[in-house]
1. Of the residues 21, 30, 6, which is farther than 26 Å from residue 116 by Cβ and touching a residue at least 60 places away in the same chain (Cβ under 8 Å)?
2. Give segment 15-33 a look and list any residue that's of a type in the set (Lys, Arg) and modelled with pLDDT under 80, or say none.
3. Which residues, taken from segment 1-52, are basic (Lys, Arg) and more than 13 Å from the chain's Cα centre (by Cα)?
4. Looking at segment 103-151, which of its residues are modelled with pLDDT of 65 or more and in a loop (DSSP other than H, G, I, E, B)?
5. Of everything in segment 57-103, what is under 20 Å from residue 123 (Cβ atoms), surrounded by fewer than 20 Cβ atoms within 10 Å (Cβ to Cβ), more than 13 Å from the chain's Cα centre (by Cα) and not aliphatic (A, V, I, L, M)? Give them in sequence order.
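The values are calculated or read from the model by the stated rules, or taken from the named source; none is laboratory data. Predicted, not measured: the structure shown is a model, and the values here were computed from it. Positions of Cβ are generated from backbone atoms using ideal geometry, with glycine treated the same way; all protein chains shown enter the neighbour counts.
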Amino acid sequence: MAFADRADQLATDWAAALDDRAPISDEVLRDAALVSFLTKPDVQWRFIRRCLEEARTDYTLVHIGAGPLEHLLAKEGAAFIGQVELLAANSERFGLALHGCARNKIEEEVWQRVLAARAAVEEPVWLDAIFRTSHDIRIEVEKLALAYLKEVRDRRRS
């Protein structure tokens, strides 16, 4: 089954694990990360929206911003910033998720619009502490995703 076909279930599983701050299986971590690498932008946006629907905690919301949302904005920001602004204007939860985004590779014009869109929601005071830990987790997730992609490439070559 393709990642696009599993995006809704992956969003549910990933958000639930973050909400509970429970250990996330390597498979869910890898597959959730691969949604950002292997699916079309509209599937990524659907994944983000589904995660937003499923999230029960602020902790999960900022991780949505720090992971799939930041990745989408870095790759397809110009195409999606209008939808991001609209959702942020109508959803305080999404505004909070935007606080999870770092500039990273987001184009300057898009980044300025992200900053404006999230300005209506106060940044959580605990955000910096979360992201010191979150950064280490993100590095591990990227390693898992890249190892999986290498494994798939190697299998195709065999």
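1. Answer to the selection: 30.
2. Selection gives 21 alone.
3. Within segment 1-52, 6, 21, 40 qualify.
4. 103, 104, 105, 106, 107, 119, 120, 121, 122, 123, 124
5. 57, 58, 85, 90, 91, 92, 93, 103
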